[in-house]
1. Report the Stokes-Einstein translational diffusion coefficient (µm² s⁻¹, integer) for the chain, Rh taken as the Kirkwood radius over Cα pairs, at 4 °C with viscosity 1.567 mPa s.
2. With 10 Å bins from zero, work out the P(r) of segment 1-138 over every alpha carbon pair and list the percent per bin.
3. Starting from the Cα of M1, step 7 Å along the direction of its Cβ; do the same at R48; then give the gap between the two resulting points in nm.
4. Using each residue's phi in segment 255-267, evaluate 6.51 cos²θ - 1.76 cosθ + 1.60 at θ = phi - 60° and report the 3J(HN,Hα) Karplus result to the nearest Hz, with x for Gly and Pro.
5. Equivalent ellipsoid semi-axes for segment 135-211, as square roots of 5 times the alpha carbon gyration tensor eigenvalues: give them largest first, rounded to whole Å.
6. Which length gain, in nm to one decimal place, applies between E79 and S120 when the Cα-Cα distance is subtracted from 0.36 nm times their residue separation?
7. Given the options L20, N224, L136, identify the residue whose Cα lies farthest towards the positive end of the charge dipole of the chain (+1 on Cβ of Lys, Arg; -1 on Cβ of Asp, Glu).
8. Where both partners of a DSSP beta bridge lie in the chain, what percent of those bridges are antiparallel, to the nearest 5?
Amino acid sequence: MRICITHRTHYRYERPIRALTQMLRLTPRGHDGQHVRKWRIEPSVDARLRPREDTFGNIVHVFSADAPVEEITLCAIGEIETHDTAGVIRGTVERVPDAVYLRDTDLTVADDDIDDFARSVADGASDRLTILHRLLEGVHSRVTFDTEPTHATTTAAEAFSLGRGVCQDLTHIFIAGSRCLGIPARYVSGYFHRADGVTEQEAGHAWAEAKIPGFGWVGFDAANGISITEAHVRVAIGLDYLGAAPVRGARYGGGSERLEVALKVDSAQGQSQA
């Protein structure tokens, strides 16, 4: 599948900012199931855009604007060719040992309720793939997708208690459950091509990858209750959302800010028909 992506992030500030530095994890890398045909990042202002890699092997651009500005738009545009690999991820850049992905973070620590839930759905199974599919089904069934009650800093425990959340929250719960069962798991940010024809989306997508002996890293999309497919475009990984967020940074001045995101995920065929 060829997937065309246009991802615009627009910031409007109450008054001109004096300085701004942002870490942009907006550029996907290729692996066995994903080929980057073309990709670029276009800022709306004159600024420095320096590429590098982070600890996890993500492509990161350091974006900095020194001149006062009141509005900034960051636009990531590209085309990715994907192939179905039955959920197995191979050919990725791996910078840290698997054991690092057993570490808890503030957003993914499992409380007693998540621990009990994970052990209950595992139900004594010893096969790691079976356990993870049961956990996937359990999280998808237990937590309703809802954009209203949670925010960027909602923890896995909070979302699980609410029984509601967005893909970020379901992913954090899946990761917390996986780690408390002794299975390395990590957060993935990216894009999802919807099969229902909806191309305009409010935000990117998120899912998890867990390490399974004999398979390697396997992707699990708890929001959709499926293993990853050719509809998923993988961009960045981390221990949680904060380590893989598309845009994170700091600024000096500017007062309050308003953020608007416009995302279009379409197939190359769909674009040519349009």
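Where a number appears in this text, it was derived from the coordinates with a stated rule and is not lab data. In this text the structure is predicted, and so the values were computed from the model without any measurement. Cβ placement follows ideal geometry from the backbone for every residue including glycine, while neighbour counts extend to all protein chains displayed.
1. Values: Rh = 19.3 Å.
Rounded, D is 67 µm²/s.
2. 9, 25, 27, 25, 12, 2
3. My value for the distance between the label points is 3.9 nm.
4. The phi angles translate into x, 6, 10, 10, 10, 10, 10, 10, 10, 10, 10, 9, 7 Hz.
5. Working: eigenvalues 86, 48, 25 Å².
The three semi-axes for segment 135-211 are 21, 15, 11 Å.
6. Details: separation 41, 0.36 × 41 = 14.76 nm, distance 4.17 nm.
Extra length available between E79 and S120 comes to 10.6 nm.
7. Sorting the options by dipole projection puts first L20.
8. Working: 75 of 77 bridges.
So the antiparallel bridges in the chain amount to around 95 percent.
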